[in-house]
Amino acid sequence: MRLPERQLAVLEAASATDERTIDEIAAETGLKPETVTGAAFDLRDEGLLAVTETTTAVAELTDEGRAYVADGLPETRLYDAAVDAGADDAAVPLGEVIGRAALSGPAVDIALANFPRKGFGEIDAGELAADAAADPAADPEATALATLADGEAVADESVLDRLASRGLVDLAERTTRAVRLTDAGVDALMEGVEAAETVGRLTPDLLASGDWRDVEFSDYNVEADAPAVGGGRKHVLRRTADRVKDVLVGMGFSEMQGPHADSDFWINDCLFMPQDHPARTHWDRFALDVPPMESIPPELIDRVETAHRDGWGEDGDGYHSPWSEAFAREVALRGHTTSLSMRYLSGHAGAELEPPQRYFSVEKVYRNDTLDPTHLLEFFQIEGWVMAEELSVRDLMGTFEEFYRQFGITDIRFKPHYNPYTEPSFELFGDHPETGEEIEIGNSGIFREEVTGPLGVECDVMAWGLALERLAMLTTGAEDIRDLHGTLADIDFLRTAEVSY
């Protein structure tokens, strides 16, 4: 019998009495594991080897999981800090315990969510009480993390599932293949097996020399799947943005452009957002440690300050709350592209202001949101406004219906909403094509006189901010916004998703 060299090496390394794994044979023969696997399957098809497969679950620590092995789980650190603060005797202020535990950012929410779940104590009305009988050292999740860090397996699947749901371990299945000589394989070795040179194709030299008679030709599996080749293509979000621009330009809009980092004056003050509004604190805003913006028209600052303090127009009342020009000049990453609308409507960006006018932008914005299937820290916003005489809610709704109809979306629902800068205001909702879940896709309204008056605009302006990613979710069927971009993006989805319209 003649066999290719790699098959002969595997056959001679196999045992008739004990199963040997692919890795063991690869180490002995010097062949790659994938080469050994291919040869083993070929020998199995010849009846010379038996191949068995064993699948086992494998858990590996993530970077976050390894960090918690070193520093302790956030809820454990919170409990230890609570005991140090005397919370096992009487409730203490929650802020004090968090400070003692040196927790910050997402770790705070993680600790607060898991502290009561594990029976470590209670949190109520801003105070924390620790259960003196609790034993964090016996926490099965912490024990499992330490066990995995030592390279040992954890048998409790429920604990592994919980750690996986927290993103602390990655669960996977590992398949181990082993081989054993069959009786036919033993007989073949006893009778003698010769190595045959294996070639992939017939060449002129083989024909001329006659060596083709002595070589072994590789088999071709014409039913085997060819390797997938992923060619370059434009990202699905960019293709959605290009389609949005085409639609809006076709509807008579011109495009706006402007800075990502802008003053709070353009981002919020011009929008009649009070300076003590929660959305303007460090919890929602990305402030930049740079010099304040000086290039703002002084007369415009005065008019906006007047609107905030005293209102605008005969019925205006204002907020009668503190207003600081220094805060207005501070620079932050824009939380919405309405800062561009303010620049254009004020004439500061050099736009044509004789009504009617239509402008839009499709650019990135930044918000300190909690990551979930419909929220990211940075995303693309479709900003737009129309300036004309005697605009109504019917004009606003009709514009949206025409826009979304271009993408095959006809069931758009409007719900009344409150914004400091528009009246009336509406949120827009649509149904996800795969899950049927209702998704908020935008916010809209007609600018209040306190917004347009200081800018020098004397007619109606209707405006909106729509999420590009949520439009892409509706048109591609993506169920999680993180499938579209970011570190968790689904590459296969991006290679195959189409923008439907």
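Numbers for the structure displayed
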| quantity | calculated |
| --- | --- |
| Residue list for the range 372-417, restricted to those being at pLDDT 90 or above and closer than 29 Å to A332 by Cα | F380, Q381, I382, E383, G384, W385, V386, M387, H417 |
| Cβ-Cβ under 9 Å pairs, at least 6 apart or on other chains, the range 287-311 side more than 24 Å from G350 (Cα to Cα) and among the charged types (D, E, K, R), far side surrounded by fewer than 17 Cβ atoms within 10 Å (Cβ to Cβ) and modelled with pLDDT under 95 | R309/H320; R309/S321; D310/G316; D310/D317; D310/H320 |
| Residue count for the range 415-446, restricted to those that are closer than 25 Å to M273 by Cα, hydrophobic (A, V, I, L, M, F, W, C) and either in contact (Cβ under 8 Å) with a residue 24 or more places away in the chain or not in a strand (DSSP E or B) (or both) | 4 |
| Scan of the range 151-183 for residues that are in a strand (DSSP E or B) and either polar (S, T, N, Q) or surrounded by fewer than 13 Cβ atoms within 10 Å (Cβ to Cβ) (or both), ordered by number | A172, E173, R174, T175, T176 |
| Test: residue in the range 69-82 that is loosely packed, with under 14 Cβ neighbours inside 10 Å, closer than 28 Å to P106 by Cβ and not small (G, A, S) | yes |
| Candidate set: the range 317-349, residues that are of a type in the set (A, V, I, L, M) and assigned to a helix (DSSP H, G or I); chosen: the one farthest from L391 (Cα to Cα) | A326 |
| The lone exception for E352 - which of (1) assigned to a loop (DSSP other than H, G, I, E, B); (2) touching a residue at least 40 places away in the same chain (Cβ under 8 Å); (3) out of contact with any helix residue (DSSP H, G or I) (no Cβ under 7 Å at 6 or more places or on another chain); (4) under 22 Å from P259 (Cα atoms) it fails | (2) |
| Selected residue [over 30 Å from D161 (Cα atoms) and surrounded by fewer than 20 Cβ atoms within 10 Å (Cβ to Cβ)] from T52, T37, T21, T62 | T37 |
| Where a residue in the range 214-241 is assigned to a loop (DSSP other than H, G, I, E, B) and its partner, wherever it lies, is basic (K, R), with Cβ under 6 Å and at least six apart | G230/R495 |
| Entirely in the range 449-499, the helices (runs of 4 or more DSSP H) that have 3 or more residues that are touching a residue at least 40 places away in the same chain (Cβ under 8 Å) and surrounded by 19 or more Cβ atoms within 10 Å (Cβ to Cβ) | 449-455, 468-476 |
| Residue check for H277: under 27 Å from E363 (Cα atoms), touching an Asp or Glu at 6+ places or on another chain (Cβ under 8 Å), of a type outside the set (S, T, Y) and surrounded by fewer than 16 Cβ atoms within 10 Å (Cβ to Cβ) | no |
| Single residue of the range 418-451 satisfying the filter (aliphatic (A, V, I, L, M), modelled with pLDDT of 90 or more and in contact with a strand residue (DSSP E or B) (Cβ under 7 Å, 6 or more places away or on another chain)) that is farthest from V365 (Cα to Cα) | I446 |
| Selected residue (criterion: surrounded by the fewest Cβ atoms within 10 Å (Cβ to Cβ)) from residues of the range 366-383 that are part of a strand (DSSP E or B) and out of contact with any Leu (no Cβ under 8 Å at 6 or more places or on another chain) | D372 |
| Qualifying residue in the range 48-59 (condition: without any contact (Cβ under 8 Å) to a residue 40 or more places away in the chain and out of contact with any His (no Cβ under 7 Å at 6 or more places or on another chain)) | no |
| Subset tally (residues that are closer than 20 Å to E438 by Cα, surrounded by fewer than 19 Cβ atoms within 10 Å (Cβ to Cβ) and not basic (K, R)) for the range 407-424 | 8 |
| Test: residue in the range 194-212 that is of a type in the set (G, A, S) and in a strand (DSSP E or B) | yes |
| The range 334-359, residues that are out of contact with any Asp or Glu (no Cβ under 8 Å at 6 or more places or on another chain) and surrounded by fewer than 21 Cβ atoms within 10 Å (Cβ to Cβ) | G347, H348, A349, G350, A351, E352, L353, E354, Q357, R358 |
| Single match in V386, V362 (criterion: part of a strand (DSSP E or B), surrounded by 21 or more Cβ atoms within 10 Å (Cβ to Cβ) and more than 30 Å from the chain's Cα centre (by Cα)) | V386 |
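Each row is one residue, and each column tells you yes or no for (1) charged (D, E, K, R); (2) at pLDDT below 90.
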site	(1), (2)
L145	no, no
A153	no, yes
V179	no, no
T203	no, yes
R233	yes, yes
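The values are calculated or read from the model by the stated rules, or taken from the named source; none is laboratory data. Predicted, not measured: the structure shown is a model, and the values here were computed from it. Please note: Cβ atoms are built from the backbone with ideal geometry, for glycine as well, and neighbour counts cover all protein chains shown.
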